[in-house]
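Below is one structure, written out as structure tokens, with a few remarks after it.
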Amino acid sequence: MNNLDLLVRLAQPGDAEDIAALSRELIERGLPWNWRPARVLKAIRNPETNVAVAGVAGELAGFGIMEYLETDAYLALFAVGHANQRKGIGRSLLGWLEASARVAGAQRIRLETRRDNVPARSFYNELAYQEVAIRHNRYSDGVDGILLEKWLRPRPEGEVLE
Ligand SMILES: CC(C)(COP(=O)(O)OP(=O)(O)OC[C@H]1O[C@@H](n2cnc3c(N)ncnc32)[C@H](O)[C@@H]1OP(=O)(O)O)[C@@H](O)C(=O)NCCC(=O)NCCS
């Protein structure tokens, strides 16, 4: 993907419908639709949450929703549309969110994905996220969740962190 074609930016309220539609299609397919436009809009307006979108030729190609907790950031939702996958958009979008999390002072990023989502696990592993725990029966269809994390600062020695 030519860098000039890709624009990563903070989401605007007008992006909420498209983000919710992408979430339904790519992440929540066959599951209850939790990220409806109103919830996405709330996230866009929440100062503790960063909603980023990647646009290609003015179209929404992908998005990520990152929540800032006390010392960690949590990547709640992340997706790139089918037509735009394997073009480096996910890498750019997550890099943008990671840079924002660093500036916000987050020490690590955590996220969860389905155990059967091999593409996502490969993607996060490629971007230096480590799989640290299995959450059994995490999803409503009984699939396990995999907890992943990436440290943005040196991990504190001897400190036990949940
Ligand atoms: C996972 C996802 C975000 C990756 O986005 P993407 O823009 O296609 O990823 P990139 O093109 O930046 O890929 C970066 C690297 O990740 C790895 N990767 C990405 N997709 C992969 C796949 N389907 N299979 C294996 N490795 C993959 C590769 O190493 C890739 O580098 P390469 O293309 O040079 O080999 C995208 O497939 C997606 O949105 N899937 C559906 C929703 C989802 O599962 N979201 C995450 C869970 S919440």
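Observations on the model:
- Projecting label points 7 angstrom from Cα along Cα→Cβ for Ala104 and Asn137 puts them 3.2 nm apart.
- Size estimate for the chain follows the Kirkwood approach: the inverse of mean 1/r over distinct Cα pairs works out to 16.3 Å.
- Gain on full stretching of the segment that runs from Glu157 to Gln85 - 0.36 nm per residue minus C-alpha separation: 22.1 nm
- R0 of 30 Å, Cβ-Cβ distance Leu7-Arg29: FRET efficiency to nearest 0.05: 0.70
- For the range 36-47, backbone phi angles converted through the Karplus equation (6.51, -1.76, 1.60; θ = phi - 60°) give residue-by-residue couplings of 7, x, 5, 6, 5, 4, 4, 5, 4, 8, 7, x Hz, Gly and Pro being listed as x.
- Accessible carbon and sulfur surface of the chain relative to its total accessible area, %, 1.4 Å: 48
- Surface analysis of the chain yields an accessible area of 58 Å² per residue, using protein heavy atoms and a 1.4 Å probe.
The values are calculated or read from the model by the stated rules, or taken from the named source; none is laboratory data. Everything quoted here is computed from the prediction, not taken from an experiment. Please note: Cβ atoms are built from the backbone with ideal geometry, for glycine as well, and neighbour counts cover all protein chains shown. Side chains are part of the model used for accessible areas, which takes the heavy atoms of the whole protein and leaves out ligands, DNA and RNA. Shrake-Rupley method; radii C 1.70, N 1.55, O 1.52, S 1.80 Å.
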